[in-house]
Amino acid sequence: MAISGNEHWMLPQLRRLARAKPDSFEQIAGHIREFHPGLYEELCLMAVEHGDLTQGDCAVCLATDVSHLAVRLEIYRNDAGDAGNPILIEVDENGVACLVDSRIFVWEIEREFRKLGSIEALKDSYTGLTEGELRAALRYAERHPDEIARKIRAYEDRFVRSEGAG
């Protein structure tokens with residue numbers, strides 16, 4: 001469910017509540033843990049994907065061990081990927097897919113991945129991104145090969161033209 005026009009105010013208020021009245025915020029978090037455990041798990045796994053929570057801390061939050069968490073995280077990643085990964089990727093106002101938090105274009109990540117050949121090398125190139133964000137971009141590129149190929153080709157055509165003019 002998307003936040004409706006009447007609820008857009010809620011997220012900044014929850015952040016303020018967490019800072020000003022941590023006990024009240026903990027009540028909300030406790031309610032989510034107790035009455036909406038699936039949602040709580042999704043929030044924890046999402047936090048790992050975005051680099052806001054370590055796998056060890058997530059395992060503690062979910063009362064499991066890291067090996068079981070790895071399985072849950074892989075299921076989460078597959079589920080998010082099957083849905084087009086709406087959490088990490090969005091299409092901007094110009095119709096170009098990018099990472100939500102950093103606004104880096106998916107085609108740029110895919111182009112770099114093709115040059116480097118590994119996720120580890122890609123992590124070294126994009127140190128500000130989480131592995132989850134990089135994998136989400138690569139999954140998107142895999143699901144939209146024609147779109148990504150057009151964007152890369154357009155970039156390379158512009159680059160070659162600009163070098164030839166200089």
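Some points to look at:
- Spacing of the modelled spin labels on Arg114 and Ile32, each 7 Å from Cα toward Cβ, amounts to 3.9 nm.
- The stretch between Val60 and Ile75, if pulled fully straight at 0.36 nm per residue, gains 3.6 nm over its current Cα-Cα span.
- Cα long-axis angle, helix 37-49 against the chain (0 to 90 degrees, to the nearest 10): 40
- C-alpha long axis of helix 66-82 to longest principal axis of the chain, angle in °: 60
- Candidate lysines - alpha carbon under 26 Å from Lys115, same-chain residues fewer than 8 apart omitted: Lys123, Lys151
- 12 Å cut-off, amide nitrogen to a point 7 angstrom out along Arg103 Cα→Cβ, residues in region 120-156: none
- Tilt relative to the chain, helix 131-143 - C-alpha long axis, 0 to 90 degrees, to 10: 50
- Matching label, Cα extents along the principal axes in Å computed from the structure shown, candidates (i) 63, 41, 26; (ii) 61, 30, 27; (iii) 49, 35, 34: (i)
- A simple spin-label model places pseudo-atoms 7 Å from Cα toward Cβ; at Arg16 and Tyr155 they are separated by 4.0 nm.
- For the peptides 90-97, 139-146, the ranking by mean Cβ contacts within 10 Å, running from highest to lowest, is 139-146, 90-97.
Coordinate-derived values only; no laboratory data. All values reported here derive from a predicted model rather than from experimental measurement. Here the Cβ is made from the backbone with ideal geometry for all residues, glycine too, and neighbour counts use every protein chain on show.
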